[in-house]
2 protein chains.
Amino acid sequence: MTDGDEPQRSTAEPLVEELAEAESLALVAGQDIGRIAFSGRFGLTVWPVNYRLHEGSIVFRTGRDSPMDEDLRTGLEHGEYQVAFEVDQIESGAREGWSVLIRGPAHHVVSEQERSAVARTGVTPWVGGPKEHYIQIVPTRITGRRIRQPGRS
Amino acid sequence: MTDGDEPQRSTAEPLVEELAEAESLALVAGQDIGRIAFSGRFGLTVWPVNYRLHEGSIVFRTGRDSPMDEDLRTGLEHGEYQVAFEVDQIESGAREGWSVLIRGPAHHVVSEQERSAVARTGVTPWVGGPKEHYIQIVPTRITGRRIRQPGRS
């Protein structure tokens with residue numbers, strides 16, 4: 001291999017495909033764990049949360065007891081805080097997968113009407129304690145991509 | 001169930017355990033996919049990347065061809081940019097797992113000596129094209145937690 005050539009791996013170069021919003025959301029609808037990212041008290045914070053897709057928005061719950069939730073709540077209490085939400089499905093062995101990134105304001109669900117609607121998604125957090133607060137991310141920007149190995153369908 | 005009771009799920013409340021730095025790094029050493037989070041041109045950005053743990057730091061590679069890499073490189077070119085790196089392993093069915101969050105400056109590996117050292121980690125990116133640029137995150141803060149269901153070892 002000479003300088004300037006693309007390095008040859010044991011596999012051919014994978015294919016990268018940008019995903020349309022609709023396809024990205026369809027993929028997100030099929031998963032239940034995503035990662036919420038926001039600027040918290042200690043800098044950029046990323047945590048996995050259990051979520052549901054509800055009418056095109058991400059819904060998850062936070063509580064009032066764990067350090068994670070305190071941090072998240074504090075960060076989010078300034079009204080409509082801009083956050084990012086990442087969902088992916090990756091096969092490490094096959095070196096294939098997709099990831100979707102949703103950006104938008106994190107909306108605190110406070111009215112009874114809204115609360116009732118998102119509660120019907122059945123989203124439940126994993127961590128103990130009262131988890132009475134719903135956060136809803138209404139996407140303003142949705143990007144996604146898929147990586148496949150050539151020769152695989 | 002009356003108002004004020006903690007909601008009862010089909011399982012008992014899970015146990016949340018904060019992880020020490022050493023244990024967090026040991027868990028990170030056993031994985032190879034993490035999520036880099038940074039403030040990019042379009043706001044908070046989170047992407048999965050293939051990484052290696054190298055002498056306590058996170059090493060991954062970026063290229064110069066895909067929108068993800070361009071965005072990441074642009075964001076990171078302002079010297080030692082503060083980023084977050086998240087690694088987790090979650091069993092969705094069992095509702096158990098752990099996550100580790102590493103924060104620190106993203107260091108561009110430029111000297112030949114540094115480059116040679118991190119290249120020996122063998123970290124390879126998934127996406128095609130020349131991936132000639134190494135990024136190294138030297139942790140300034142490491143936090144982690146594990147969620148287990150009661151009664152399971």
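The values are calculated or read from the model by the stated rules, or taken from the named source; none is laboratory data. As the structure is a computational prediction, the values presented were derived from the model and not from experiment. So basically every Cβ, Gly included, is an ideal-geometry build from the backbone, and we count neighbours across all protein chains shown. With ligands, DNA and RNA removed, areas are computed over all heavy atoms of the protein, side chains included. Shrake-Rupley method; radii C 1.70, N 1.55, O 1.52, S 1.80 Å.
Observations on the structure shown:
- The interface between chain B and chain A buries about 4000 Å² of solvent-accessible area in total (1.4 Å probe, ligands and nucleic acids excluded).
- Chain A, rotation onto B, residue closest to that axis via Cβ, with its distance in Å: A:A37, 2
- Across the identical copies, how the A:E112 labels are spaced - nm, sorted shortest first, 7 Å along Cα→Cβ: 7.4
- Across the identical copies, how the A:Q149 labels are spaced - nm, sorted shortest first, 7 Å along Cα→Cβ: 3.3
- For the pair A:S39 and A:E55 in one chain, pulling the backbone fully straight at 0.36 nm per residue adds 3.2 nm over the alpha carbon distance.
- With its label point defined 7 Å out from Cα along the Cα-to-Cβ axis, A:Q31 lies at 1.2 nm from the matching points of the other copies, in increasing order.
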